[in-house]
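In what follows, a single structure is set out as structure tokens and then discussed.
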Amino acid sequence: MAEKRNVNGPPANGNASRGNAYTIDLNTFSRRLQFLYTHWRQHKDEYWGSSDVLAVATPPPSEDLRYLKSSALNIWLLGYEFPETIMVFGDKHIYFLCSQKKASLLEAVRKSAKETVGADVVMHVKAKNDSGSNQMESMIQAIRSQSKSDDQAAPNIGYIAREAPEGKLLEIWSDKLKDSGLPLSDISNGLSDLFAVKDKNEITCIKKAAYLTACAMKKFVVPKVEKVIDEERKVTHASLMDDTEKAILDPVKIGVKLKAENVDICYPPIFQSGGTFDLRPSASSNDEYLYYDSSSVIICAVGSRYNSYCSNVARTYLIDSNAIQSRAYEVLLKAHEAAILALKPGNKVSSVYEAAVAVVEREAPELVPNLTKSAGTGIGLEFRESGLSLNAKNERLLKAGMVFNVSLGFQNLHADTSNPKSQNFSLLLADTVIVTDDGRDVVTSASSKSVKDVAYSFNEDEEEEEQPKVKVESNAKDTVFSKATLRSDNGEVSKEELRKQHQAELARQKNEETARRLAGVDSGSGDGRAAVRATTDLIAYRSVNELPPPREMMIQVDQKNEAILLPIYGSMVPFHVATVKNVQSQQDTNRNCYIRILFNVPATPSAPQDANSLKNQGAIYLKEVSFRSKDSRHISELVQLIKTLRRNVMNREFERAERATLVTQEKLVLAGNKFKPIRLHDLWIRPAFGGRQRKLSGTLEAHVNGFRYSTSRADERIDIMYGNIKHAFFQPAEKEMITLLHFHLHNHIMVGNKKTKDVQFYVEVMEMVQNIGGGKRSAYDPDEIEEEQRERDRKNKINMDFQHFVNRVNDLWGQPQFKSLDLEFDQPLRELGFHGVPYKASAFIVPTSSCLVELIETPFLVISLSDIEIVNLERVGLAQKNFDMAIVFKDFKRDVMRIDSIPSSSLDGIKEWLDTTDIKYYESRLNLNWRPILKTIMDDPQQFIEEGGWEFLNLEATDSDSDNSQESDQGYEPSDVEPESESEDDDSGSESLVESEDEEEDSEEDSEEEKGKTWEELEREASNADREKGNESDSEDERRRRKMKTSGKSRAGPSIPISKRMKFR
């Protein structure tokens, strides 16, 4: 299993010698070198192939991180991976063949090696363009000479036979060994046994990795999948994989305080559902949608690493499971627990799998054939330690310090359902377990696997969901009262009345403005579909002569030309990798392995809509092709190569398409001799530049016609033209941890490979994470008062530096040539701020003189007040703890911006701010479904204007004009609506004509009496009216069930049951 990373090779880049950024822990080196030599001498014949010399060669760095024993030995012994380095261990000498920069770092071990094992370190330095052949000859000759001086036969050289040589250096070394005539033997088993028992430092790294893995599953994967199911969204397995990988690589987001540079994934997270399951470690997430209908099974597997040490966890989730699925999972859970309990020092490794088999044979013997053939493997620097496979044949003894990935599952089970996606299912459980002196420690136990936590039920009471809708809405409307009415009793009439008068004038102006704008704008004929993406022709080979010569009739991947060559009827047929839709592998019971390649076919629903797919639509296309092989390892490597190549090509094409849509910017004119550029140093940027390199701070410079931000790396530089800046913000750190400058742009620019309209530069005024109690307190400052004062001084200095930069830039923008741009740094007004949820998390949203912004959390929120048509304050009512704000833009094709869960205590301040900025606002008791409302307005703007424009949102106006308030919370409905009396007659089948006529006769008297009624009388009448209508469906039990069904679902307007909102009874 490999993924696209190379995190353990920094010294290969030469960074080790710069400022001693990389140092070897000599204590660890000495201790482990002593253990290596002791183990080698004691088990020379048993594990080390009777080797007299150990030769380990590390390949060059690669995009794909491989789990190699040579790399593992580097990390275990030296702390880092040293690519393109040859190490030879002998009784009296240790030879290194490497570059000069690596040799300078390895010089530190010379003394320790001599003192520990009595071996002299001999450095053979290879020049940059040298093949290293002469140095290799010297090393082999030295090995021969040493054996002759000791009167021994030809020395036996041990090497890692299972690792094929990669790169020119290792290929030459391999040839030298074979041509030397010296006997060779494999030392893979010796290295496996060497790594099997972990020391204290290794155990700590594995525990940290396991904690990260369990938190990723518990705090990200499970909530993410639950939300997808609750909102009934279509999300692919591959999309979930990408989101989970990002969460692991940024541990702070899932509440894990580990440095991001020390963590990585073990493999791309695995998500499987819909009847297609693969329990092998080489499985991958496909592009199919997550399937979560009744009787469905979802398998999630996550693996992460800390300082190169691996951990793993896998869970199976059951959705409305049937009896067969529930029974199988209970048996698997018992078997998995039995396997973990068998991990005790002194037991045989085979006893772990035998314990699991015994449980299955006792509980459900019919499931034994479906049980996986092993219960997992050892885990550490390698994801799968080959010598510690938990199968029935491994007779090795368990020891304290061993670590295992206990992975057990049932494959290819069948359920009695009619749905083909639920008929076949598999189950999988995996945990990382450390063998201790007195038993075992399950370090991923934070992720629960109990039945109550993995079994979900979503079908109960589904038929009751629609029943109470009409009556619930009716009750909510019958109890609508104005906040102004209540506040009139508290002496606030004058202020509220002034605001009402101003809002009434704004309503008239807004309707006139909207009418003029709609009259001059075509509603457009957009169908909502994305335009065909223009791409260049994807050509792998321009002629037959460019095809590589066929080595064998087997599948080949040509990474240079981005093509795969398939043997079809005796010929190698090339296909550009962009034509591949997906590639899968599977293995049958006869140990045959199949690879299945699916191609993009035009006119199919999932085919990409680009120019290449629309050419030659009348031609015959190859949809899929399958091949069979006995070499499962080769098939797995092919699948990984093809997927990696396809991903790289698609990412490149996507970035090229993104750049093609950018508006061409003017060139930056650098400041010359006339004036020096205005600079601000040591800034970080958001969004950050891409890549796996360590993030660097940079400098922001103000030049003649724009800003330039650059770091010490040549490729990390962006230019922001003054003419492209729509809004500029300066926000000093007050209660935040950062001071920032933020630019909101007219047109998108590229930051690294990200397309964005918002660019931010910031400085942390104090450390984001502090080690509490990590350092000793000063005897002169026991209460850390001086430390707090230094932090305040640092914050004030940073704020002053930013303020000085902003003042100078404002002076620059005040020059005549920039007057037309109307640019000036705006500063948020904290006293007007309020808390709300603009996207997914709560944030502090702050108005400025021209915008409404939130610049701390990502994604950023920047709303220009000039773009706002109206604001609708939703869920505003008595005893409500919070409300929502819906911002409707002048461009009706733009989605309405929602800010949810605003505390009701902020309502008056928001209304006052909106009124002061001349923005018309309305209030409603429910959340409106704005998309159909805006579509109706654009379809028939004339009728919208004739019916009063936005006044359909004015609840007080509709209440005073007529007794029925049906349309007050329904939004604008231009179609003909029947009078309420007719709808009531239709609904109330139990009422007689006589009763309805009596009510009509008494209506005039009731309306006159209501003018002077008190609040208590109105509430009592509303409660009586509810009781008379027989609203028995609105019981407490059913409201609770509706609340459970609707919790977590997105709002869809007034037609949704409002179980979460307050109702008067």
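Annotations for the structure displayed:
- Above-threshold pairs, the threshold being 21 Å between Cα atoms, out of LYS219/LYS449; LYS246/LYS795; LYS234/LYS935; LYS510/LYS935; LYS726/LYS890; LYS69/LYS253: LYS246/LYS795; LYS234/LYS935; LYS69/LYS253
- Using a simple spin-label model with pseudo-atoms 7 Å out from Cα toward Cβ, ASP437 and ASP130 lie 5.1 nm apart.
- 3J(HN,Hα) along the stretch 164-169: 6, x, 10, x, 4, 4 Hz, from the Karplus curve 6.51 cos²θ - 1.76 cosθ + 1.60 with θ = phi - 60°, whole Hz, x for Gly and Pro.
- Put simply, the amide H of ASP264, placed in the peptide plane, has neighbours under 5 Å in ARG305, leaving out anything fewer than 5 places away on its chain.
- Taking only the C-alpha atoms of the stretch 75-218, the Rg (one decimal) and the largest Cα-Cα distance, Dmax (whole number), read 18.0, 63 Å.
- Gain on full stretching of the segment that runs from GLU734 to ALA392 - 0.36 nm per residue minus C-alpha separation: 116.8 nm
- By the Cα gyration tensor, the stretch 681-741 has an equivalent ellipsoid whose semi-axes, rounded to whole angstrom, run 20, 18, 10 from largest to smallest.
- Across the accessible surface of the stretch 836-953, with the other protein chains kept in place and a 1.4 Å probe, carbon and sulfur atoms take up 49 percent.
- Mean separation of Cα contacts under 8 Å (6+ apart) over length of the stretch 26-195, as relative contact order %: 29 percent
- The stretch 550-606 and the stretch 379-428 have Cα centres separated by 29 Å.
- Computed over the alpha carbons of the stretch 625-747, Rg followed by Dmax gives 21.7, 74 Å.
- Judged by the mean number of other Cβ atoms found within 10 Å, the most tightly packed of the peptides 122-131, 945-954, 52-61, 804-813 leads the ranking 52-61, 945-954, 804-813, 122-131.
- Per-residue Karplus couplings for the stretch 883-899, computed as 6.51 cos²θ - 1.76 cosθ + 1.60 with θ equal to phi - 60°, are listed in order as 9, 10, 10, 10, 9, 9, 8, 5, 7, 5, 7, 8, 4, 5, 8, 10, 10 Hz, Gly and Pro entered as x.
- Annotation: peptides 178-188, 210-220, ranked by per-residue average of other Cβ atoms within 10 Å with the highest first, follow the order 210-220, 178-188.
- Dipole magnitude of the stretch 836-953 about its Cα centre (Cβ charges: Lys, Arg +1; Asp, Glu -1), debye to nearest 20: 400 debye
- Cα-based Kirkwood hydrodynamic radius, the stretch 836-953, one decimal, Å: 15.0 Å
- Across LYS259/LYS399; LYS114/LYS198; LYS44/LYS114, pairs whose alpha-carbon gap is larger than 29 Å: LYS259/LYS399
- Contact order for the stretch 200-456, expressed relative to its length and based on alpha carbon pairs under 8 Å spaced 6+ residues apart, stands at 21 percent.
- Percent carbon-and-sulfur accessible area, the stretch 26-195, ignoring ligands, DNA and RNA, probe 1.4 Å: 47 percent
- Tail fraction, Cα-Cα pairs, the stretch 293-378, threshold 19 Å, whole percent: 50 percent
- √(5λ) per eigenvalue of the Cα gyration tensor, the stretch 200-456, largest first, Å: 27, 24, 13
- Accessible surface, per residue, of the stretch 836-953 when the full set of protein chains is kept, probe 1.4 Å, Å²: 38 Å²
- q = 0.19, 0.31 Å⁻¹: log10 I(q)/I(0) that the Debye formula gives for the stretch 855-902, counting C-alpha atoms only: -0.71, -1.13
- Accessible area per residue in Å² at 1.4 Å probe, computed on the stretch 57-98: 25 Å²
- The mean accessible area for residues of the stretch 387-451, using a 1.4 Å probe and ignoring ligands and nucleic acids, is 40 Å² per residue.
- As a rough guide to protection, the peptides 788-797, 366-375 ranked by mean Cβ packing within 10 Å, highest first, stand as 366-375, 788-797.
- Built amide H within the under 5 Å cut-off of ALA563, gap 5+: ASP558, VAL577
The values are calculated or read from the model by the stated rules, or taken from the named source; none is laboratory data. Please read these numbers as outputs of a predicted model, since none were measured by experiment. Cβ sites come from the backbone with ideal geometry, for glycine too, and all protein chains shown count toward neighbours. Quick note on the areas: whole protein, heavy atoms, side chains included, nothing else; ligands and nucleic acids left out. Shrake-Rupley method; radii C 1.70, N 1.55, O 1.52, S 1.80 Å.
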